[in-house]
Every structure is written in structure tokens, then in C-alpha cells.
Amino acid sequence: MRTRSRIAACAVSAVLLLSGCSGGGDSSDGRITLRFQSLAWQDESVAVNKELVKEWNAAHPDVRVEYVQGSWDSVHDQLLTSFEGGEAPDIIHDASDDLADFAYGGSLADLDGLLPDRLKRDIPERSWQTTTFGDGVYGVPFLQEPRVLIANKKILEASGVRIPTAENPWTWAEFRAVSKELTAGEGQKPGPGQAEYGVAWPLKDPVSATLNLSRSTGGQLFHRGADDKVTIQYTEADAEVPAVIHDQVNSDGSASGATLGMGGSDTLPGFFGGTYAMVPLGFSYRQQIIQQAPKDFEWTVLPAPAGADGATQGVSPQTLSVSEDTRHKEEAVAFIDFLLQPQNMVRLARGDWMLPTGTAALTDPSLHTEKDGWGTGAALARDLLPAPAQTVRGYPEWKDKVATPALQEYYSGAIDRAELEKRLVKDGNLVLARYQR
């Protein structure tokens, strides 16, 4: 969802700063106008969001909502600029791992006393943890996306390997072994049940995938002390998943090093062409596969591998927040409550090809069908926990300046584990310390 072009992102930011963020307020007749900045980008998702805004406006003539299109690529910097300039949208769509600095910085409203009891009860506590900073709640988590394995069904079935299920997933060791079995080997033509590579890891943005999948092995990386300050520690539990990826690329030859710099969409042509038997992707990529795959291409959704902590994985849900500066917090929360009524949350989830956080929405039969892997994804919802960095101030800088280049070099074989640990811990703690003085 963060793969739109930088040029388009800059254009959207310019529009927001020049026009979209200056249109809110009260009219002379007392009608309230709230600006809702949405980051929906898939056609279905944009359509659903606009439909819901239209439905709200038809039912609430005195509180009009204006739809403003944002971009995942530029949202952090765009919001930072708009908060500093006093021109922030009233209702803000974002991701939970982007909220910490805005919450601690006083830019987002504390929703704890404003949220209706229905909404509080409907969303599980583990999801609320992703938007809780200190004693306040600064966003409503409403969509979540597990990571899954998208596999070439014909290759998988011809290989004879055990097919994992949500109830009985592969272990990381088993996943590594299966990837080798599905790999033809250097210079060899793939036979039945094989591809040139067993797996393709698209790790242009390696941090989120690494941290969230490492929750299955007990990885935590960020540790909060008695003084409430966060430090980084790189343990065996944190190292297990990165080591599997590193070894698949550099030792086993079962993963292509060429895909490490790719985004998920970039791997799809090779996946459709039989170059890769499996690709670990976010759940929402199913829509692109349906749109782009050849008509005779058969694919299936498998759960991500499990570790010592089972099939647990971290997620950073999409969120809806309210600007601290808006004069109409109660009306903004009422609109959020409308958007997240169970039937509407299902519409939003299906439009984005993701899972709702709400327990009522998650029971909808349309999210439990075998078709397009919906049932596999829904079965994983019980094992989704907050991503490790949810409440860490300075995480965006640490991710961009320290963790991304370090992990990219480690996965490519340019540095070893000791150097990776040194960078993540030593350099990383220097970054975090600046935000915790």
C-alpha cells in the first residue's frame, strides 16, 4: 500500500497543502465541515470510502464531511507540515506505527473519553494497544493485514510437500527445507514441482516484514525499561527469522537475491512466469494477483511460518485519528463511529482486501470463504499482535537511517550477523536516545 510513485505523492502533498487542508470550518449558516484525509488508493477502496462519505452527508446535513485524498508515500512528512502550519485535516487516516511522534507531540486528540462504548468493546484490547500512547488513545485501529505466503498451486501440489494450514503452519525450519525442495538448482531446468527459486523475498522495505514476522519466534527488539525509556536489544529470538532469509539467499540458493530490492508488486511477473514458487506478501496483494495473473494461473494462500510463539505475527493496523486542533472532536468521532459500524467495516475491509479489527465485522461470512484465500486470512486474525515498534518515538528515523540499510546489506550477504547487530543496537540506540531526553 506504500508503493505509489514519489511523483504522485508529491503532487498529492502539494494539493493538500494548497487547497485540501484549507477548506474545513463552519459555514455562515452554522453547518460544520470536517475534512477527512483518506489514504485509500486501490480503486475499490477509494470507491467505498467515497460512498460512505456520501451516505454520511446525506444523513447528517449539519455536519458535512469533505473527502481529501492523501498518499501513503508522503503521509508522515505531509502531516508533520500540516500540523506545524495549523492546517491539519480534522479526521486522519494513517497507520499505527506512524502515530507515536504525533501523539507524544500533542498533534492528535486523545480519544479515550470520546469513543462510544460499542466501538471500544468491538475492537480487541490487543488492537487498542497499537494506538495507546501513555495514558491516551490517539487513533482507532480498523484494518489489519497479516503477512501470508502466496504460492503457485500447481508447483506446490506437484512437489508432494506438506501443505500448511492456519491450524498447522510450517515451522521456519520446515519452510526453509520446503523452499530448497521447490528450487531446481543453479543451471538446472525446473522439473515438476519446482521453480527456478523456491521463494522470492521482496524486501525493498525490509524492516516491517522482519520485525513483524519475528514475533513468531519471540522477537521483540525494543525493550521499555522501568524509566519508561526504550532501548534496542538483538537476541537469538530476534535473529532467527533474519537468519533464515539470509541463508535462503546466500547459502541455500532457494531465494533470489535479485528480489531483495524489489517491492511486492515487482515480484509478480516472475511469480506468474514460474520463476518463484512462493512469495511472502501482505494479504491485500491478492487483489493485484487477481487483476494481473494469467487466466490459467492457479495460486493459493498459505499462512506464514510459525516459531516458538506459534503463528503470532505483528501488525500495524490502519487507523483513524482526530486532530487536536479541530474544534469539532465529538462530530469527528461520530463520523469515525459511522465508518466503523460492523457492516461498514466489512465494506472497508473488502475494498482494501484486508481484515477488519472489529470482532463483529470479522464474523461476516464473506470473510471466511475459501475463494481468494479469505478464510485463511481470517483464521490468522487471532494471532495478530501489535508490531514491536508501535509506541517507540523515533522509529521512523531509526527505520529509514539505520535498520533499512543494515538489513538490506545483511540479506544480500554484504555484512554478517555481528555487524547487523552492531548497527541495529549501537546506532539504533543513539537515534532513540535523541527522542527520549
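The values are calculated or read from the model by the stated rules, or taken from the named source; none is laboratory data. Note that the structure is predicted; figures quoted are calculated from it, not measured. Cβ: placed from backbone, ideal geometry, glycine included. Neighbour counts: every protein chain shown. Quick note on the areas: whole protein, heavy atoms, side chains included, nothing else; ligands and nucleic acids left out. Shrake-Rupley method; radii C 1.70, N 1.55, O 1.52, S 1.80 Å.
Ranked by accessible surface with a 1.4 Å probe, highest first, in what order do Glu370, Glu51, Glu157, Glu167 come? Kindly include the intermediate steps, with their values, before the conclusion.
Values: Glu370 175, Glu51 90, Glu157 120, Glu167 140 Å².
From most accessible down to least: Glu370, Glu167, Glu157, Glu51.
Quick check for me: using +1 on Lys/Arg Cβ and -1 on Asp/Glu Cβ, what's the dipole size of region 134-286 about its Cα centre, in debye to the nearest 20?
Magnitude of the dipole: close to 440 debye.
Computed over protein heavy atoms with a 1.4 Å probe, the accessible surface of region 170-243 works out to 44 Å² per residue. In a Gaussian network model over the chain where Cα atoms closer than 10 Å are linked, find which of His93, His246, His368 has the largest mean-square fluctuation. The residue that fluctuates most here is His368.
Can you tell me the length gained on complete extension of the stretch Thr33 to Arg417, counting 0.36 nm per residue apart and subtracting the Cα distance?
132.9 nm
Only helices enter the 222 nm calculation for the chain: every DSSP H run of n ≥ 4 contributes -39,500 (n - 2.57), and dividing by all residues gives -10000 deg cm²/dmol, rounded to 500.
Each DSSP beta bridge with both residues in the chain is either parallel or antiparallel, and the antiparallel ones are about 65%. 3J(HN,Hα) couplings calculated from phi for region 256-269 with the Karplus curve 6.51 cos²θ - 1.76 cosθ + 1.60 (θ = phi - 60°) are, in sequence order, 7, x, 5, 8, 4, x, 9, x, x, 5, 5, 7, 5, x Hz; Gly and Pro show x.
Give the shape of region 237-352 as rounded, prolate or oblate, defined through the alpha-carbon gyration tensor: a ≥ b ≥ c are the square roots of its eigenvalues, a/c under 1.5 means rounded, and otherwise the shape is prolate if a/b is larger than b/c and oblate if not.
The shape class here is prolate.
Distance from the Cα centroid of region 93-117 to that of region 279-320 is 28 Å (rounded to whole angstrom).
The charge dipole of the chain, taken about its Cα centre with unit charges on the Cβ of Lys, Arg, Asp and Glu (plus for the first two, minus for the last two), comes to roughly 600 debye.
Would you mind checking the pairs Lys120/Lys422; Lys50/Lys329; Lys50/Lys371; Lys54/Lys329; Lys120/Lys229; Lys54/Lys295 and listing those with alpha carbons more than 31 angstrom apart? Flagged as over cut-off: Lys120/Lys422; Lys54/Lys295. Comparing Gln390, Gln287, Gln188 in a Gaussian network model of the chain where C-alpha atoms under 10 Å apart are linked, the largest mean-square fluctuation is found at Gln188. Bridging of Lys153 to aspartates and glutamates at a Cα separation below 16 Å is possible for Glu181, Glu196, Asp296, Glu298, Glu370, Asp372, once same-chain residues fewer than 8 apart are set aside. Within the listed set Ser107, Ser127, Ser159, the Gaussian network model of the chain (springs between alpha-carbon atoms below 10 Å) gives the highest mean-square fluctuation for Ser159.
In the chain, what percent of the accessible surface is made up of carbon and sulfur (1.4 Å probe, ligands and nucleic acids excluded)?
Of the solvent-accessible surface of the chain, carbon and sulfur hold 49 percent.
Ranking Leu348, Ser256, Ser366 by how far each Cα lies toward the positive end of the dipole of the chain (charges on Cβ) leaves Ser256 at the top. Please list, in order, the residues from region 390-420 whose amide nitrogen is less than 12 Å from a point placed 7 Å along the Cα→Cβ vector of Asn250. Residues passing the 12 Å test: 407-420.
Which one, Leu182, Phe133, Val199, is farthest towards the positive end of the dipole of region 125-212 when Lys and Arg carry +1 and Asp and Glu -1 on their Cβ? Checked the options; the winner is Leu182.
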